[in-house]
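Just so it is clear, none of the values below were taken in a lab; they were calculated from the coordinates. Bear in mind the structure is a predicted one, so any value in this text is a computation, not a measurement. Every residue, glycine among them, receives a Cβ derived from its backbone with ideal geometry; neighbour counts consider all protein chains shown.
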Amino acid sequence: MSEPIHVCFDMETQDPDDFLCLLFLASHPDVHLKAVTLVPGSQEQVGLVRWALAQLGAGEVAIGAHDITHAKPSVSPWHWRAFFSKGARPRSAVAEDAWRVLLRECDENTVLLTGGPLTNVAETIRRSVVSGRPFVAGCWLAQGGFAGDNIVPEHLRLPKFVGKTHMATFNFGANLPAARASLAHEGFGCIRLVSKNVCHAESNRFGRQQLERLLGGLPDDELLGKTRGRSACGRDSGAEARHMAGLGLIAQGMREYMSGNRGGKLLHDPLAAACVIDGGVIAEWHAVELNEDTGHRWGSRSCPGSKTAISVRHDPDRFWAVFLGEVQASPSAAGALLAPPQPLVPRTMLSEGLAAMGTSNSQEAGRGDGTAPFMSELEQALATVTASNTRALHMLVAVADACERSATKSLHRQKADTRALLRAGGWPVLAALGCRSAADRIHLPAQPDARIRKVCAVVRCHAESLAQRGGPVQLRLSPWQQRANKRSTAAIATAAGAMEALEGAEAADAGLLQTIALELAPPSLKRRCSGHPEEAVEEGSSLWAAEWEDPGWEDSALQGFRQPSKPSRNEGLDALERLARAPNARPDRVLMQTHHVVVVYDVYPKARVHVLLLPRDETLRGPDALRAEHAPLLRHMAHLAAWLAPRLRALHPGLPPLRCGFHAVPSMSHLHLHLLSLDFASPELKRPRHWTIFNTDYLVPPAAWAEQLERHGRVCVDHKAEKAKVDGEMRCPLLGERLADMAAVRLHLSSARYQERLRDIQSDIVYM
């Protein structure tokens, strides 16, 4: 007997589809259903799922909920009509956090099937980063996405989708940030998407014929509901009874549905579930990369070698035979879905806007500034970068970055759009290394700066050797863009052409690339690596890290602490941005400055000591602006906060340890890291939200976001869930005590128990 297929199912209950999938998977003899997670996760949903599993003798299945306190039932009326007498609605609050269940139960031998919004998946990804425990699945199989005319051959297109390349999809569109984070996650061995262009086919409609076929295969006692609830765990003699019980419940539900909908129902999620049992249900997959348009509609583009594939054609006869229990197909899907992924073609920065919280190529196309065509051309030119020249390209960019820093040391606040433009040559390298660090918006500068001129000069010297693919990319810039940026356009075209040539370079050209890297190196590095260009790579690659590892301020002393007075009027949401840009204009607000960070006083302090660490980079307006290249900055800020904590305590005798973190959804423009003492002794601590934003995991440790940037290129923030924490009940994170109101908070802070707990903390700085 073959090994069962291990499945975790993330579902919703707004229509019959997901519940039919649950009955199908929980009862099928070839499936080991390990867990069911629910979104939004109401008590009605949990009660419904527990009832169904009990009917099938599968009460051992783990159940997780995103929000067990969710106010609305989020269960369609069909569920109650089909399976319960009038007024009977089971409820249960017995469920774990959905992310805990997925993190524990998913592994490289498990298929993660999703049939609803991807809130639970994204939360699990976020929690895995924070905890350091990897979130992996052999395959993520989702009902979602869309393949349009650019993917589906003409004879396979559904009439309703002809002429379309992007369509709205509920499962991905209901929580866009979660969908982006899930698609960008590296922990899935492969991603398989059963899309609208297949599951909306009329051949998937459950009608009178399918109901008769289903009823005809059931024993008489199952038609009367006599076998339900019997123990049928595992793949023993009870497996067949459980399968019949599941099919009986499906028949009962669809008979009720069709009593009011004679035309039947298109089954979307069950088509994906059938793929778990028999990989042949989807007759043709196409390797793709997903993207969004300006209306947040999803589309696909061909990407040979991608680990993501979307359905193009299915076998309806095979689907119905599997779903209606007419065949006991061997679990070929296990081999197909859990096969080792093919090598992933490096993704460009533009397409990685799908990661976590970004914008897409098509979104930027609406800007009208001519940059989207430029990025599109580079995207096409870099699409086939191979692993053989990745190291050489990495070397080129690492040493060129060192050259840029040497040439522009005093210009550390140059515009981020210029910096991103200058990194154009590094896109294939960063993509191949799993980084997603291009800026979302690129405004071409009126004058190319030293770095791009240097790159172009070196490239021109080697133009003949590099011209393997037919010359520079023809950039389709708007007339306005060409007039405003004549000099830049020429420089960019040269760089883009060089990159088009480089992306075709074979391993034999590594020596040439090393020569280019060495020519871009600072003189000191040239001398040290003379005759050994490969050494320039390793040393040049480490220069960026060395800059952060040698901050230069660690041996200095903190020069006093003078809390400024409260402003006489509201200074606006951009007050921190102005302070980071010109700290010397308000010296009374500044505690200290480093090359990268300005440390300022919070003028509305929520504790005896409360300071903010502001990066000097003006473009970091908030978490959404963070990219992979900012991970060292976040670690640098954490290091500076850890340096400050003991010195602030030394300046304030008796000061308790300090807590450090970013607000998940900051209230002011410009990224800022909070560092405040745990006494919370301040008249500005007025409202419950002032407590919850610093005493729940709404306050995110900088290391958590740095790890997300290194893994995914963006930070994952579920705004709705984070804001719910702010409005939630107040508790003390040190003692777990519930605090009813602000009077209780103040009483608790002055209590002997709290003060004793502060004294027990052995470190100067703590995190949530």
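Worth pointing out:
- Residue-span extension gain [GLU240 to ALA724] - 0.36 nm each, minus C-alpha spacing: 169.8 nm
- Theoretical FRET efficiency, 1/(1+(r/R0)^6), r = Cβ-Cβ of SER203 and ARG689, R0 45 Å, to 0.05: 0.25
- Charge tally in the Cβ shell below 12 Å around VAL75, where Lys, Arg are +1 and Asp, Glu are -1, VAL75 excluded: 0
- Where labels lie 7 Å past Cα in the beta-carbon direction, separation of HIS296 and ALA744 in nm: 3.6
- One Cα centroid belongs to region 90-137, the other to region 1-26; the line between them spans 15 Å.
- The ranking of SER682, SER750 from fewest to most other beta carbons within 10 Å of each one's beta carbon is SER750, SER682.
- Extension reserve of the LYS160-GLU756 stretch, reckoned as 0.36 nm per residue once the Cα distance is removed: 207.8 nm
- Neighbourhood net charge (14 Å Cβ-Cβ; Lys/Arg +1, Asp/Glu -1) for ALA283: -1
- Placing pseudo-labels 7 Å out from each Cα toward the beta carbon at ALA168 and TRP51 gives an inter-label distance of 3.2 nm.
- For PHE84 and ASN570, a Förster radius of 60 Å and the Cβ-Cβ distance give a FRET efficiency of 0.65, rounded to the nearest 0.05.
- Residues whose amide H falls under 5 Å from that of ARG731, counting only those 5 or more places apart or on a different chain, are LEU739, with hydrogens built in the peptide plane.
- Under-5 Å amide H pairs with PHE188, H placed in peptide plane, nonlocal only: ALA137
- Nonlocal amide H pairs with ILE63, under 5 Å, H built at 1.01 Å: VAL36, GLU96
- Extending 7 Å from the Cα toward the beta-carbon at both ARG578 and ALA283 defines two label points whose distance is 6.7 nm.
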